[in-house]
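Novice: The structure is given below, and queries will be raised subsequently.
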Amino acid sequence: MNRVVSNTVFVICLILCACEKKQAPPTPEVPVNLVTLKAKHVLYYDNYPSTTQALSQVNLLPQVTGAITGISFTEGSHVKKGQKLYEIDERIYQNNYDQAVANLRVEQGNLVQAQQDADRYEYLNKYNAVAKQLYDHAIITLENAKNTVKASEQAVKTAKTNLAYAVVNAPFDGTIGFSLVKLGDVVNPGTTVLNTISTDNPMAVDFIINEKQLPFFEKLDHNKDHQVDSLFTILMPDNSLYPYTGKIAVIDRAVDSQTGSIRIRLVFENPNLYLRVGMSCVVRVHNQDIGPQLVVPGKAVIEQMGEYFVYIAKDTVINVSPDSLKKNPKAVAGKPKLVAVQKKVQVGQTIGANVIIKKGVEAGNKIIVDGLQSLHDGSMITTANKVGPGGGGRRGQ
């Protein structure tokens, strides 16, 4: 009996010892690095993908039929208004013009004869020396001769116009493209495209904005006194900065109801013809915020389901139980500890490795920039052990 009791007591002691050993250890403090948030002046740009466009662009079409007998330009070059570009076989149109001129001269001679007859019959009619019918016929013949001369004059104008159309000239200053016809090709009016010419100085740059940004750009358009000279600049396809600044030329008449976007056109001087139609570039709009901005390292910002958060460090008081004091004499009741607190923020422009914070935190807050992967809202943290620079970063879930 005594032996059974002893065994029972021994088992109970083992159970008690095992339970005591399985108590959860205290949560370790997460080592982090902190930065104190300060407001400062920053320079940044809002970037918009854009495309260069010509202010005017036309397809050159022939107005008469014929074979191409001359091409008088260099493809891809700058041409002047009125410069001869193409020649169409003009022999037929020259012959038609010469014939129209000859017909006009004949009709002019007939008019002189009809005028003389009418004057003679008018004189005789005053003295009743000629039949009334002959006088009336003379007057009608004179009017017909006058109308015939007018018709012949119009025929000469038409023939002259067709003869002029045998030479195709540049309608304005601009850059001409590759010729779509060669010497000897027969062209037809309204169907054959000879080439395309577009203005090249100044050059338009189009980009799309959200309708929420429209009031901002309308203010810029109406207020020509901008706070900065380089309000609109563009980055070339090789990421180099274009040397000339632009200005707003057109804001489209309507917002696209399906996308909620609207097109804006800037105009840039292009004296060196660096800009070509159809180039992809980036419009940079200089920020107009002249006040100080709150800037945090980009690695301190966490993205979750399209929302952005940062962790700030806050002091809190940890109450230590008497049992913990007995087991750990170094623990001090009421000792301040650092706690990570998650804050939802509204982010602005990204500037290099930093991000502007528009709302959610304020100057003086201590922002956690490293060790974010091990944190959650309410985590105990410490700055005693510095974290390497790879311990943070923007993440998404």
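The values are calculated or read from the model by the stated rules, or taken from the named source; none is laboratory data. Keep in mind the model is a prediction, meaning the values are calculated, not measured. All Cβ positions, glycine included, derive from the backbone under ideal geometry; neighbour counts span all protein chains shown. Ligands, DNA and RNA are stripped out before the accessible areas are found, and what is left, the full protein with its side chains, is counted by its heavy atoms. Shrake-Rupley method; radii C 1.70, N 1.55, O 1.52, S 1.80 Å.
Novice: Which loop chymotrypsin sites (Phe, Trp or Tyr not before Pro) in region 102-161, with loop taken from DSSP, have no more than 10 other Cβ atoms within 10 angstrom of their Cβ?
Specialist: Tyr127
Novice: Continuing with the same structure: List the residues, sorted by chain then number, that are 5 or more residues from Asp200 or on another chain and whose placed amide H is less than 5 Å from its amide H.
Specialist: Thr175
Novice: How much length is gained on full extension from Lys247 to Lys80, taking 0.36 nm per residue of separation minus their Cα-Cα distance?
Specialist: Answer, rounded to one decimal: 57.6 nm.
Novice: Tabulate in residue order the Karplus-calculated ³J(HN,Hα) for region 211-216, using 6.51 cos²θ - 1.76 cosθ + 1.60 with θ = phi - 60°, rounded to whole Hz; enter x for Gly and Pro.
Specialist: 4, 5, 8, 4, x, 4
Novice: How would Ser50, Ser280 rank on accessible area, largest to smallest, probe 1.4 Å?
Specialist: Heavy-atom accessible area, descending, gives Ser280, Ser50.
Novice: Suppose R0 equals 30 Å; then what is the FRET efficiency for Ala254 and Ala363 from their Cβ-Cβ distance, rounded to the nearest 0.05?
Specialist: 0.10
Novice: If I take R0 = 45 Å and measure r between the Cβ atoms of Leu273 and Lys146 in this structure, what FRET efficiency does the formula 1/(1 + (r/R0)^6) give, to the nearest 0.05?
Specialist: Calculated transfer efficiency: 0.25.
Novice: Here is a follow-up. For region 68-130, what is the accessible area per residue in Å² when the probe is 1.4 Å?
Specialist: On a per-residue basis, 67 Å².
Novice: Distance in nm between label sites at Val106 and Tyr127, each 7 Å beyond Cα in the beta-carbon direction?
Specialist: 3.7 nm
Novice: What distance in nm lies between label points placed 7 Å from Cα along the C-beta direction at Asp136 and Asn201?
Specialist: For the pair Asp136/Asn201, the computed spacing is 7.2 nm.
Novice: Tally up the carbon and sulfur contribution to the accessible surface of region 35-152 as a whole percent, 1.4 Å probe, everything protein left in place.
Specialist: 48 percent
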